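Just below is one structure, and these are the notes that go with it.
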């Protein structure tokens, strides 16, 4: 059975004390770092200089999520600087396979993200070119939104396609993930979960353990 990976989003962390906030999630599998450019999404967060410092002090690998328009220009840079995985949006590149190939050339995992309104069918036969697919379960750009269960059919299709291809493809969900919603995504095939406020609103170590247990419970029965 596939393990359940928990990737806390530092979008919900205290930006003034990021090093301490990173230390609080050291029991997680990776830290999810959202890069927003105020063009692809109506918000602005981090850029390469801040990410470099996060890399220097993080006790766990970096899972980059690039919500930016010029993915072809910037995604390789994050891979080259040492991020464990780099995910770009399908809507932000004309050649996702070529971009994934460049990211992989830096020994990083290449991920492709799909907005709630984007159809997944055009990408099903391209899945062997990627290491992860991120199904957005909210509209990208802001934390704290409610989980969108209507995105689950796409996750189910991706899960069936990866079985058909026989590949080791991670299926990640991001948006509104809590102990109450993580089981829904897990039952539809998700194995990698991004959670922001659900982790940082309480004791992160306990929250991470609770999320992991809830996901495992639903994957073991479905």
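In nanometres, what is the gap between the two model label sites at residue 142 and residue 98, each 7 Å from Cα along Cα-to-Cβ?
With each label placed 7 Å out from Cα toward Cβ, I get 3.6 nm.
What is region 5-221's relative contact order, in percent, from Cα pairs under 8 angstrom and six or more apart in sequence?
Normalised by residue count, the contact order of region 5-221 is 19 percent.
To check my understanding: the extent here is largest minus smallest coordinate of the Cα atoms along each principal axis. What are those three numbers for region 5-221, in Å, largest first?
42, 42, 30
Roughly speaking, what is the stretch gain from residue 205 to residue 52, that is 0.36 nm per residue apart minus the C-alpha to C-alpha distance, in nm to one decimal?
The residue 205-residue 52 span can extend by a further 52.6 nm.
As a test of the formula, what do you get for the chain when each DSSP H run with n ≥ 4 contributes -39,500 (n - 2.57) and the sum is divided by the residue count, at 222 nm and rounded to the nearest 500 deg cm²/dmol?
-10000 deg cm²/dmol
Connecting C-alpha atoms closer than 10 Å in a GNM of the chain, tell me which of 182, 103, 167 has the biggest fluctuation.
Comparing 182, 103, 167 in the GNM, the peak value goes to 167.
Beta carbons within 10 angstrom, averaged per residue: use that to sort the peptides 144-152, 6-14, highest first.
Most protected by this proxy first, the peptides run 6-14, 144-152.
Once you put a point 7 Å from the Cα of residue 27 and another 7 Å from the Cα of residue 118, both along the Cβ direction, what distance in nm separates them?
3.4
Since every read-out is calculated from the coordinates, none of them should be taken as a lab result. Keep in mind the model is a prediction, meaning the values are calculated, not measured. So basically every Cβ, Gly included, is an ideal-geometry build from the backbone, and we count neighbours across all protein chains shown.
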